[in-house]
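The values are calculated or read from the model by the stated rules, or taken from the named source; none is laboratory data. Bear in mind the structure is a predicted one, so any value in this text is a computation, not a measurement. Cβ: placed from backbone, ideal geometry, glycine included. Neighbour counts: every protein chain shown. Side chains included, ligands, DNA and RNA excluded: accessible areas come from the protein's heavy atoms. Shrake-Rupley method; radii C 1.70, N 1.55, O 1.52, S 1.80 Å.
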Protein chains: 2
Amino acid sequence: MALADEAGLDGLSMRRLATELGVVPMALYKHVANKDELLDGIIDAVVSEIELGPAEGDWKPAIRSRILAARQALLRHPWASGAIEGRRNPTPAVLAYMDSIIGLFRAGGFGVDEVHHAIHALGSRILGFSQELFDDTPADPDAQEKAAHAMAATFPWLAEMALRVAHDEKTVVGSGCDDQFEFEYALDLLLDGFERLRQAG
Amino acid sequence: MALADEAGLDGLSMRRLATELGVVPMALYKHVANKDELLDGIIDAVVSEIELGPAEGDWKPAIRSRILAARQALLRHPWASGAIEGRRNPTPAVLAYMDSIIGLFRAGGFGVDEVHHAIHALGSRILGFSQELFDDTPADPDAQEKAAHAMAATFPWLAEMALRVAHDEKTVVGSGCDDQFEFEYALDLLLDGFERLRQAG
DNA sequence: TGGTCTAGGTGTACGCCGTACACCCACAGA
DNA sequence: TCTGTGGGTGTACGGCGTACACCTAGACCA
């Protein structure tokens with residue numbers, strides 16, 4: 001069933017999926033009630049791929065590695081994060097995953113309310129993706145640098161930052177804008193914050 | 001032009017908008033190249049509503065209040081956050097807003113890289129909305145409590161949390177699941193984190 | 001005054017989408 | 001042998017974004 005996710009991009013339509021399976025579109029409706037249910041299905045398939053890993057030891061590395069595992073699973077299927085957004089009701093596998101994360105927090109000594117806040121603060125990051133306002137991985141550094149210079153007059157700060165990123169990408173030494181780094185940076189920032197808040201009481 | 005955003009919900013279609021304006025669908029294409037451009041237009045209109053407020057004083061309250069102002073603007077137009085997601089290229093007004101935020105950070109003494117990380121860590125929260133995995137505002141507390149009990153067997157931690165929230169909502173005293181509170185909580189957590197990291201070097 | 005230019009509205013049409021409804025067949029169990 | 005029934009089929013509807021050709025009311029200038 002979820003075989004369809006390899007070939008099928010985000011522009012996945014019932015008709016396309018059907019022909020992909022060598023079948024007539026309406027045949028799909030013998031297996032799923034509607035497209036939403038199908039999406040729920042493939043989301044569940046992806047989320048079930050997340051390797052939970054051991055639940056022992058410190059809560060922080062445990063949660064950290066579990067979330068990073070989720071990120072790996074989601075990165076394997078780039079369309080998945082897009083599919084999860086906008087879905088109104090969580091699928092069972094998502095619920096199970098969330099439950100496991102909450103369990104780690106609770107085992108680490110967090111109170112119910114603290115975990116509740118933490119879940120909200122993590123938001124979609126809990127599933128390994130963060131919602132950026134825009135793709136910043138479009139072009140080669142040279143073009144990016146050109147664009148940055150062009151907007152230096154209207155958006156000086158933005159341009160300054162863009163230039164720095166473009167420069168870092170050209171000189172291989174710099175980390176440039178490394179999504180994985182940014183993700184872990186933000187994740188650690190949040191986890192540290194949770195820990196500090198808990199200790200503060 | 002942006003008048004269309006009042007009546008038009010997320011199920012906004014060129015045809016619907018056209019009839020709303022008492023005009024034939026194709027007439028719209030004399031003003032915008034395609035639907036994406038129209039969306040960019042109304043997004044810009046909403047983002048331009050954000051009141052920037054004064055840029056003086058401490059960086060933290062300044063940024064905090066500016067982001068909360070963005071949240072107010074976005075809350076006035078519930079469809080806007082959905083529209084901003086998935087847009088590949090940022091609109092000019094979004095760029096201007098981001099530039100202003102970066103400016104506040106820089107004026108507060110943050111280095112270019114530090115701001116860069118901060119922007120990524122904030123993600124969509126910078127525009128006043130956070131991407132939740134699912135709506136948790138569906139039903140009355142009683143039904144919610146029922147559902148929570150039902151899933152206590154399979155998802156104990158989740159159920160525990162859901163019960164707490166439902167309970168808090170019933171006894172008026174508790175904050176329950178207050179989106180505004182959660183948002184500010186996470187925002188402050190991040191801002192505090194930025195400050196701490198900067199002081200640490 | 002007449003001629004041309006043009007901004008904006010119109011009508012028709014195409015190819016896509018999700019899916020309702022009626023049909024039909026192969027086969028399992030009685 | 002009859003009868004369900006699970007799963008594939010065909011047709012059709014209404015909605016979508018939008019390409020293309022056409023028309024019209026004014027603006028502008030000679």
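A few comments on the model shown:
- B:G57 fulfils the conditions (1) open to solvent by 50 Å² or more (accessible area, probe 1.4 Å); (2) in a helix (DSSP H, G or I) except for a single criterion, (2).
- Residue list for region B:142-174, filter: of a type in the set (A, V, I, L, M), at the interface with chain A (Cβ under 8 Å from one of its Cβ atoms) and either open to solvent by 60 Å² or more (accessible area, probe 1.4 Å) or within 25 Å of B:Q72 (Cα to Cα) (or both): B:V165
- Residues (assigned to a loop (DSSP other than H, G, I, E, B) and either at pLDDT below 80 or assigned by TED's automatic domain parsing to the domain that holds B:S81 (or both)) located in region B:135-176: B:D135, B:D136, B:T137, B:P138, B:A139, B:D140, B:T171, B:V172, B:V173, B:G174, B:S175, B:G176
Results for (1) assigned by TED's automatic domain parsing to the domain that holds A:D36; (2) under 23 Å from A:Q199 (Cα atoms); (3) among the charged types (D, E, K, R), shown as yes or no for each residue.
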| residue | (1), (2), (3) |
| --- | --- |
| A:A62 | yes, yes, no |
| A:R71 | yes, no, yes |
| A:G86 | yes, no, no |
| A:L95 | yes, no, no |
| A:G108 | yes, yes, no |
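- Taking each residue of region B:12-35 that is touching a residue at least 12 places away in the same chain (Cβ under 8 Å) and looking for partners that are open to solvent by 30 Å² or more (accessible area, probe 1.4 Å) and near DNA strand C (Cβ under 8 Å from one of its atoms) with beta-carbon atoms closer than 7 Å, six or more apart or interchain, yields B:M14/B:P25.
- The one condition in (1) within 9 Å of chain A (Cβ to nearest Cβ); (2) under 25 Å from B:D40 (Cα atoms) that B:C177 fails to fulfil: (2)
- Reported count of residues in region A:20-38, each being farther than 21 Å from A:L74 by Cα, assigned to a helix (DSSP H, G or I) and either near DNA strand D (Cβ under 10 Å from one of its atoms) or within 14 Å of chain B (Cβ to nearest Cβ) (or both), is 6.
- Checklist (1) within 11 Å of DNA strand C (Cβ to nearest atom); (2) farther than 24 Å from B:G82 by Cα applied to A:G11, failing item: (2)
- Residue tally, condition closer than 21 Å to B:Q180 by Cα, more than 10 Å from chain A (Cβ to nearest Cβ) and open to solvent by 40 Å² or more (accessible area, probe 1.4 Å), over region B:95-141: 3
- One residue stands out among those in region A:24-42 that are surrounded by fewer than 12 Cβ atoms within 10 Å (Cβ to Cβ) and within 6 Å of DNA strand C (Cβ to nearest atom): the one that is farthest from A:A83 (Cα to Cα), which is A:M26.
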